[in-house]
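One structure is given here, and the rest of the page talks about it.
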Amino acid sequence: MKKYLFYFLLLLSLNSTAQNIIDVYFFDDSCSHEMIDPEMLVVEHWDTLAQSKFWKTIITTTKDTCVINIASTRQILDYINKDIWFDQSDEEKKAFKDSVIDYYCLDTNTRLYITTGKKEFYQIEQVIPSLETAINIFQENNVDPWFAQSILLIESPAQLKYSRVGAYGPFQIMKRVARDMGLTVNKYVDERKDFNKSAFAASELLRTICIPQAYRILCNVGDIEPQGDELWFKLLVLHIYHAGARNVESLLSQLDQPLQGMELIKWMWRNEYGNFKNASQNYSQIAIAAMLTLKDIVISDCEYIFDCNVNNPIEN
């Protein structure tokens, strides 16, 4: 029953530092799946940010629809059919954007993005069965399993594709990094496609490089010493996983004054520097949106939720 689910989530929200792992049971496939409960994103109001709402919309919108949004804030203004948009000439596209700016009484210098829906790419449901395996591998390597779930939901969900820069596998690891983390990658063998080995390599990259570099960078830019379990810190680590420590540090060196918490992450979303550009800005935004989408799927489709800490079933 919904009231029991609400009570369950309320209890979780009272413990702001707990990393809660839950089992969710689906009657459709008669299976239960272990995952990280993403409720803290709601408790800390990350779900209310325009960027989170925007990417959640993109994740759940099919590729035949484009979302008209303000580039600097990701505020959604309207929608347009993909074929209609791309059948226009450059001059017609500019005239269309100008008409949108005029209609919403925006500053004439406002930059608009027309972003295609990506539901076909972000196949959240298909990722669910692999979460438990990744969570266990990360835990065995003493790495917060929150990262396992976040990265799996972002990077080529349920697909094995090469990125345009050569990253590959369920955790989208670059060839050189994979080798540094102990994987075999040559013209005959690419262990990045092996789920367990790729998960271990990703956890090792986080444990030995991304997380330590996040602490170092924050200390250098503002003498900031996080505990390490804060959501904003984890989102910063994700940016390092995606863009590299050097690019994140170069961006943060542009801060006028030290920032931390949600304000730091929001500042990173609004600013570019060097190789830290739009794709890098988007990374943690997509992580939040994917986690929130997963939460919606669980609430709407699963029959029971088990708190793995106390093993009490909650009927949905």
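Observations
- Any chance ALA245 is touching a residue at least 24 places away in the same chain (Cβ under 8 Å), crowded, with 19+ Cβ neighbours inside 10 Å and of a type outside the set (Lys, Arg): no
- Looking only at the stretch 191-202, and only at residues there that are under 20 Å from the mean Cα position of the chain (by Cα) and surrounded by 19 or more Cβ atoms within 10 Å (Cβ to Cβ), the one that is nearest to VAL248 (Cα to Cα): ALA202
- Some residue of the stretch 39-47 being of a type outside the set (A, V, I, L, M), at pLDDT below 95 and either buried (at least 17 other Cβ atoms within 10 Å of the Cβ) or on the phi > 0 side of the Ramachandran plot (or both): yes
- Of all residues in the stretch 196-255, those satisfying the criterion of being out of contact with any strand residue (DSSP E or B) (no Cβ under 6 Å at 6 or more places or on another chain), not acidic (Asp, Glu) and not in a helix (DSSP H, G or I) are ILE224, PRO226, GLN227, GLY228, GLY244, SER253, LEU255.
- Strands (runs of 3 or more DSSP E) wholly inside the stretch 59-163 containing at least 3 residues that are of a type outside the set (A, V, I, L, M) and surrounded by fewer than 17 Cβ atoms within 10 Å (Cβ to Cβ): 76-81
- Of residues in the stretch 203-242 being touching a helix residue (DSSP H, G or I) at 6+ places or on another chain (Cβ under 6 Å) and among the β-branched types (Val, Ile, Thr), the one surrounded by the most Cβ atoms within 10 Å (Cβ to Cβ): VAL237
The values are calculated or read from the model by the stated rules, or taken from the named source; none is laboratory data. Note that the structure is predicted; figures quoted are calculated from it, not measured. We place every Cβ from the backbone using ideal geometry, glycine too, and count neighbours over all the protein chains shown.
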